[in-house]
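What follows is a set of notes on a single structure, which appears directly below.
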Amino acid sequence: MKRLIFLMSLFYLIQIYGGNPGIYDLAFGLYLKETLGLSAERIAYIGTIILLPWTIKPAWGIIADSFPLFGSQLRNYFFLCYALAATVLFTLSSMESYTTLTLIGGIFMVSLCIAFSDVLTDKMMVIEGSARKKTGVLQAAQWTAAGLGGAGMYYLGGIFAKRSNLGAVFRLNVLVPLTGLLATYFFIREEKANQNEISLRKSSKALWTAARSKQFLAVVVFIAFFRFSPTPPLLFYLRDVLKFDPEFMGTLDAIGSVASGIGAAVFGIVCSRIYRRTLLNMTIGLSALSSFGLIFMQDAQSAVWVYSLTGFFSMIATLGILELAARLCPAGAEGTAYALLVSIYNLAGKPAAIIGARMYDNGVPFAALVIIGSVFTLLCWFLIPLLKLEKE
């Protein structure tokens with residue numbers, strides 16, 4: 001069990017440091033904004049393209065489930081993902097300058113590799129956790145590592161964004177997938193897959209079974225609406241209005257990440273003691289509260305407080321939605337259905353970012369965008385009856 005907890009924590013750290021968002025994230029955003037001179041809306045579109053692999057995670061799950069790679073459904077795919085990500089990052093690090101297209105193509109490939117490895121990690125969590133009835137413990141290890149460990153990533157990202165060029169940051173980032181390669185080699189043991197028990201038809205049938213469930217479809221609608229609320233472009237507000245330097249921006253993200261890790265730990269302790277409807281009401285309220293808190297960010301001191309509180313509350317809200325997704329997946333299709341719901345969660349947030357960026361570029365004040373987003377989130381309360389949680 002200790003080995004599994006270690007692997008779940010390590011692979012989620014690799015996800016955060018490697019490409020979601022990655023050590024290079026802040027330096028990349030500033031390069032687009034200040035070197036290439038792109039608008040907030042165009043940067044939001046680029047972010048949507050780069051995160052596309054995270055919105056189609058069921059496709060990676062079906063590939064891993066249905067097509068073993070040299071007899072392996074996990075180990076060899078991990079090797080492939082991490083080796084390809086390291087190669088792309090090393091190639092980017094060797095370039096002297098970048099075009100928008102080069103950056104989109106390179107980072108998209110890294111995002112694809114890390115997203116695929118994330119699906120493999122969750123697959124391992126479901127298989128091993130279900131066998132030991134310890135899925136909750138493994139999930140807690142994943143999210144706590146992502147929150148607390150991500151603090152170091154954000155802090156380093158801020159330092160390197162201020163003191164180094166983008167190529168140097170890519171070079172540092174190469175170490176992350178290489179660590180994944182070593183962990184895969186030394187710690188993952190897997191029996192050869194039985195091809196007779198594996199087929200694309202079985203995986204597709206599981207996904208179709210989930211899609212036909214009325215309650216599952218209601219969850220899809222709820223998650224999409226919950227995530228589809230205009231969000232202001234924080235990068236532009238922090239940089240242009242509050243005049244924060246990249247190092248302090250990285251520190252803020254680190255503070256928020258620590259708060260998120262604490263929120264994940266608290267959620268793991270209390271979630272099993274709360275009714276689902278109460279949990280969902282709390283999720284909506286905390287999400288709106290964490291969004292509205294951005295309006296009070298006026299200087300460095302207030303930013304620290306806002307990032308601490310929003311990091312804590314937003315993580316509880318996020319896990320509340322993911323808990324809903326996990327609990328209401330139809331029997332026999334839990335893994336594939338969960339991947340589908342997480343993909344919808346990721347995808348629905350991107351149009352919201354684009355709309356918020358366009359409104360900001362067109363002169364809508366930051367505070368007004370914060371209020372609009374918070375109100376839109378609160379409207380999710382009217383969707384709760386669709387989920388029929390009182391019957392659960």
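The values are calculated or read from the model by the stated rules, or taken from the named source; none is laboratory data. The model shown is predicted, which means the values in this text are computed figures rather than measured ones. We place every Cβ from the backbone using ideal geometry, glycine too, and count neighbours over all the protein chains shown.
Brief remarks follow.
- Of the residues in segment 65-85, at least one is buried (at least 22 other Cβ atoms within 10 Å of the Cβ) and within 30 Å of G356 (Cβ to Cβ).
- If you go through segment 42-94 and keep only what is under 16 Å from F116 (Cα atoms) and outside any helix (DSSP H, G or I), you end up with L51, I56, F67, P68, L69, S72, Q73, L74.
- Against the numbered list (1) under 26 Å from G250 (Cα atoms); (2) touching a Cys at 6+ places or on another chain (Cβ under 9 Å); (3) modelled with pLDDT under 80, S290 comes up short only at (2).
- Residue match in segment 168-185 (condition: modelled with pLDDT of 85 or more, of a type in the set (F, W, Y) and touching a helix residue (DSSP H, G or I) at 6+ places or on another chain (Cβ under 6 Å)): yes
- Selection within segment 272-287 - modelled with pLDDT under 75, in a helix (DSSP H, G or I) and surrounded by fewer than 16 Cβ atoms within 10 Å (Cβ to Cβ): S272, R273
- For the residues I274, I284, I262, the requirement of being without any contact (Cβ under 8 Å) to a residue 40 or more places away in the chain and more than 24 Å from F28 (Cα to Cα) singles out I274.
- Any chance S93 is surrounded by fewer than 20 Cβ atoms within 10 Å (Cβ to Cβ), closer than 29 Å to F186 by Cβ and either free of Cβ contacts under 8 Å to residues at least 24 places away in the same chain or polar (S, T, N, Q) (or both): yes
- Subset of segment 36-60 (residues that are of a type in the set (S, T, Y) and free of Cβ contacts under 8 Å to residues at least 40 places away in the same chain): none
- Residue within segment 123-130 that is crowded, with 22+ Cβ neighbours inside 10 Å, closer than 25 Å to L4 by Cα and either without any contact (Cβ under 8 Å) to a residue 12 or more places away in the chain or not hydroxyl-bearing (S, T, Y) (or both) present: yes
- You will find that of T310, T231, T251, the residue that is in a helix (DSSP H, G or I), of a type in the set (S, T, N, Q), under 14 Å from G373 (Cβ atoms) and out of contact with any Cys (no Cβ under 9 Å at 6 or more places or on another chain) is T310 and no other.
- Criterion (within 30 Å of I355 (Cβ to Cβ), surrounded by fewer than 23 Cβ atoms within 10 Å (Cβ to Cβ) and among the β-branched types (V, I, T)) met by exactly one of I50, I62, I16, I43: I43
- Residue in segment 236-250 that is among the small types (G, A, S), at pLDDT 80 or above and surrounded by 20 or more Cβ atoms within 10 Å (Cβ to Cβ) present: yes
- Qualifying residue in segment 361-371 (condition: in a helix (DSSP H, G or I), modelled with pLDDT under 80 and not hydrophobic (A, V, I, L, M, F, W, C)): no
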